[in-house]
Amino acid sequence: MFKFIHAADIHLDSPLSGLERYEGAPVDEIRSATRRAFDNLIEFAINEQVAFVLIAGDLYDGDWKDYNTGLYFVERMARLANAGIRTYIIAGNHDAASQITKHLPLPDKVSLFDTRKPQTEVLDDLGVAIIGQGFATRAVEADISLNYPQGDAQLLNIGLLHTCLDGKPGHAPYAPCSIDGLRSKGYQYWALGHVHQREVVSQEPWIVFPGNIQGRHIRETGAKGCTLVSVENGEICAVEHRDLDVMRWSLCKLDISGCGTTDQLYDLVRETLENELTAADGRVVAARLVLQGASRLHAALQDNPERWIQEFRAIATGLQSAGLWLEKVSIDTRSLISAEDQLAGDDALSGLLQSIQRIELDEDALTELALEIAPLRSKLPAEILSQDDPANQQGVINALEDIKQLLATRLLATEPSGSSEQ
């Protein structure tokens, strides 16, 4: 019996984004996160006494700023080699041959696969064949798996491939291939890279994306790490995820429809953040709060969002010693009473909203209003003009819809801004 590790998308020295702009953010943790996660990978491999480590592309995050990145990696590879552990690496789109201009000699027991054609490494002592091909250029659009050889029936065949497979949202369509195409090669395990979210695509054969080992921004949430594979009598008997990340990103979507007072809202925010800390098991947590739902607090939240953002940051500050940092706050709530509901009424506000709606339905009125707004266009900031041109009919329609929502929120506001029960 032996074990091996399948990892990918290390992105050594990649700059984590989203926290450094905030005062008091854990800058040291951010800057060193990818290296410390890689250190965890090295320690894990040694402790598990694995036979070899597979890195399925994007070891680096582009060309090195200096040789420190390469020297760091070589030293870690030497640690594995000294422990008798072999390492097999393919280049991905971020560390393609065309992207990396600096080079250092690699230690014994480290193999970097060819980028021109598939290469096979046979481990006779284990009865294993590892087949892989790296990226010669950043944008590989062909299905390079087509040229991989058929598996040897006498060996455990492992395909090492950096690919989008049949397409994954948020990932460039590099080296696309099909599940059926991979199955046709007769391999027992496909060690894939490029997709940063862990996914077991298939178990017959095993086709696995391990995900990256360290989340780098709020779109890479949850646990990150590698895949540990156990082999017995020439067959794969276990495939398990192992956490390696040192800093965890968390997207916290809070439905505040049940919060009638600010105290209840504060309690919900605090409880949510504390739960994220508990789930992170001692890791630093960078959390984004997204407040959602129809709530009595909607008007107060929309009236002065900056105040509330600072209130929530104050709650998070109380948890900083435990490793909690607030990356961002988004307020996406809505009023309990919508503009559409109010249109059906017969009071003064309903009449005002009905008047606005009549303008929306009257093309001549829209044209006249657009002409009146046109002279103001040159005085507006560029960021507003990039969203809607207020000097055309559609811009007026969009603005009127916003005005209806604002009136419904402000004039119907009964939500409490204090902490007492209503």
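Please treat every number below as a calculation from the coordinates, not as lab data. Predicted model only: the values in this text are computed from it and were never measured. Cβ: placed from backbone, ideal geometry, glycine included. Neighbour counts: every protein chain shown.
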Exercise. So what J values fall out for the stretch 145-160 if you push phi through Karplus, 6.51 cos²θ - 1.76 cosθ + 1.60 with θ = phi - 60°, rounded to Hz, Gly and Pro as x?
Worked result: 5, 4, 8, 5, x, 5, x, 8, 4, 8, 10, 7, 9, 10, x, 10
Exercise. Which of rounded, prolate, oblate describes the stretch 247-334, given a ≥ b ≥ c as roots of the alpha-carbon gyration tensor eigenvalues and a/c under 1.5 marking rounded, otherwise prolate only if a/b is larger than b/c?
Worked result: prolate
Seminar exercise, completed: Everything considered on the Cα gyration tensor (a ≥ b ≥ c; rounded for a/c under 1.5, else prolate if a/b is larger than b/c, else oblate), the stretch 1-140 must be described as oblate
For this session: Multiply the residue separation of A172 and A136 by 0.36 nm, subtract the distance between their alpha-carbon atoms, and state the gained length in nm to one decimal.
Result: 11.4 nm
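For E199 and D108, compute 0.36 nm times the residue count separating them, minus their Cα-Cα distance, and round to one decimal in nm.
Roughly 29.6 nm would be gained on extension.
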Seminar exercise, completed: Rounded to whole angstrom, the alpha-carbon centroid of the stretch 121-198 lies from that of the stretch 94-111 at a distance of 20 Å
Problem set entry | Spacing of the two label points (7 Å from each Cα toward its C-beta) at E232 and D39, in nm | 3.5 nm
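E306 to L251: FRET efficiency via 1/(1 + (r/R0)^6), r the Cβ-Cβ distance, R0 25 Å, to the nearest 0.05?
0.70
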For this session: Could you list, in their original order, any pairs among K168/K253; K185/K224; K65/K328 whose Cα atoms are separated by more than 27 Å?
Result: K185/K224; K65/K328
Exercise. Across the stretch 57-68, in residue order, what do the Karplus-derived ³J(HN,Hα) couplings come to in whole Hz, using 6.51 cos²θ - 1.76 cosθ + 1.60 with θ = phi - 60° and x for Gly and Pro?
Worked result: x, 6, 4, 9, 10, x, 4, 5, 5, 8, 7, 4
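Can you give the net charge of the other residues whose Cβ lies under 13 Å from the Cβ of Q292, counting K and R as +1 and D and E as -1?
Charge balance near Q292 sits at +1.
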Seminar exercise, completed: Per the 1/(1 + (r/R0)^6) rule, R0 = 45 Å and r from the Cβ atoms of A97 and S321, FRET efficiency to 0.05 is 0.45
Exercise. Does the stretch 66-204 classify as rounded, prolate or oblate by the C-alpha gyration tensor (a ≥ b ≥ c root eigenvalues; a/c under 1.5 gives rounded; else a/b over b/c gives prolate, otherwise oblate)?
Worked result: oblate
For this session: Determine, for each peptide in 51-57, 36-42, the mean count of other beta carbons within 10 angstrom over its residues, then list the peptides with the highest first.
Result: 51-57, 36-42
Problem set entry | Computed E for V27/D143 - FRET, C-beta separation, R0 35 angstrom, nearest 0.05 | 0.25
For this session: May I have the convex hull volume per residue, in Å³, for the Cα set of the stretch 2-243?
Result: 119 Å³
